[in-house]
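The values are calculated or read from the model by the stated rules, or taken from the named source; none is laboratory data. Worth saying up front: this structure is predicted, and the values here are computed from it rather than measured. All Cβ positions, glycine included, derive from the backbone under ideal geometry; neighbour counts span all protein chains shown. All accessible areas refer to the heavy atoms of the entire protein, side chains included, with ligands and DNA or RNA removed. Shrake-Rupley method; radii C 1.70, N 1.55, O 1.52, S 1.80 Å.
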Amino acid sequence: EIILKKQDMLKLGGEKRYCTVFFSDIQGFTSISEQRDPVDLVESLNHYLNRVTQIILQHGGMLDKYEGDAVMAVFGAPLELPGHPVKACRCALEIQKALQRDSSYPTRIGINTGEMIAGNMGSATRFNYTVIGDAVNLGSRLEGANKQYGSRIMISEFTARELKNEFVIRELDLIRVKGKSRPVKVYELMEKSEDADIALLQLCRRYHEALEAYHRRDWTGAETAFQILMKSYPHDPVIALYRERCNGYRSAPPAQDWDGVFEMLTK
């Protein structure tokens, strides 16, 4: 309908837009594909992609592309979408819950908000409507960075500051992704505030208290706090990661000019 009204949209070119990008990927899909019959694999993958796509569209997102098992979507282009960071996060949470019910595919999601170039890109004979730019690249990197923390949904500080109090999030780290010089603070998206129970809120409170000790370079105090947390939450990979970090820093402290940045050496 938009193209019929604005046929000049069907030409190469782009414009700056403030949007939220969404990237998802199936954890360990290469290993999964080696163990499955090809016909069965394609059928189950199509079912998975169909479910993910339905939820993206229901939340006002634009399905940009599929790359094997990976999905890229944009919230805020080509149509203006008020509150697109919130809509993208609600979408991500719903996808994770839906996949827990009807899919065996563990999925990682990365979300970032920022200025990007949106438009038709390609050749004179074939082009795609998509978004490009540093903000898009960061969103893609965040999806991959979940591997380091065992998290499912990682969002940037730029998305987090748009969410107000609508979600429960916990700080993961200050990271420098591969190919970028400026570090970015990242968070794990845990739950919608209205759906969060007391146990989750207590976990986040105790976790952030331990993380504060880590930032103060109180390695012994932080390790003890994370160790106590592990007793209550033995399967939380982020808590386990910080306990190990504190143990390592207690034995070999970082330099005095340590800025708390974790370098991501891979995509």
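Please work out which residue is most open to solvent (accessible area, probe 1.4 Å), limiting yourself to segment 180-228 and to residues that are without any contact (Cβ under 8 Å) to a residue 12 or more places away in the chain and small (G, A, S).
S181
Taking the residues in segment 67-113 that are touching a strand residue (DSSP E or B) at 6+ places or on another chain (Cβ under 8 Å) and among the basic types (K, R) as candidates, determine which candidate is least open to solvent (accessible area, probe 1.4 Å).
Within segment 67-113, the match that is least open to solvent (accessible area, probe 1.4 Å) is R108.
Among the residues of segment 8-21, which ones are open to solvent by 90 Å² or more (accessible area, probe 1.4 Å) and under 23 Å from N112 (Cα atoms)?
Listed by number, the residues that qualify are E15, K16, Y18.
In segment 153-166, which residues are closer than 16 Å to N112 by Cβ and surrounded by fewer than 23 Cβ atoms within 10 Å (Cβ to Cβ)?
Selection gives E157, F158, A160, R161, E162, L163.
The conditions are (1) β-branched (V, I, T); (2) assigned to a helix (DSSP H, G or I); (3) closer than 12 Å to T20 by Cα, and V74 fails exactly one of them. Which is it?
Here V74 clears every test but (2).
Given the residues V177, V136, which is the only one that is closer than 30 Å to E15 by Cβ, at pLDDT below 95 and open to solvent by less than 30 Å² (accessible area, probe 1.4 Å)?
After ruling out the rest, the residue left standing is V177.
Does R170 meet the test of being touching a residue at least 40 places away in the same chain (Cβ under 8 Å) and open to solvent by less than 30 Å² (accessible area, probe 1.4 Å)?
yes
Scan segment 243-263 for residues that are outside any strand (DSSP E or B) and of a type in the set (A, V, I, L, M) and report the count.
Of the residues in segment 243-263, 2 are outside any strand (DSSP E or B) and of a type in the set (A, V, I, L, M).
Among the residues of segment 230-242, are any open to solvent by 70 Å² or more (accessible area, probe 1.4 Å), of a type outside the set (A, V, I, L, M), touching a residue at least 40 places away in the same chain (Cβ under 8 Å) and assigned to a helix (DSSP H, G or I)?
The answer is no, given that none of the residues of segment 230-242 is open to solvent by 70 Å² or more (accessible area, probe 1.4 Å), of a type outside the set (A, V, I, L, M), touching a residue at least 40 places away in the same chain (Cβ under 8 Å) and assigned to a helix (DSSP H, G or I).
Looking at (1) within 16 Å of P78 (Cβ to Cβ); (2) open to solvent by less than 50 Å² (accessible area, probe 1.4 Å); (3) under 22 Å from the mean Cα position of the chain (by Cα), which is the only condition N120 fails?
Failed condition: (3).
Test of understanding: among E115, E171, which residue is at pLDDT 95 or above and within 26 Å of M230 (Cα to Cα)?
Result: E171 is the single residue among E115, E171 that is at pLDDT 95 or above and within 26 Å of M230 (Cα to Cα).
Looking at segment 22-66 only, could you name the residues that are in a strand (DSSP E or B), open to solvent by 40 Å² or more (accessible area, probe 1.4 Å) and either closer than 22 Å to T159 by Cβ or at pLDDT below 90 (or both)?
L63, K65
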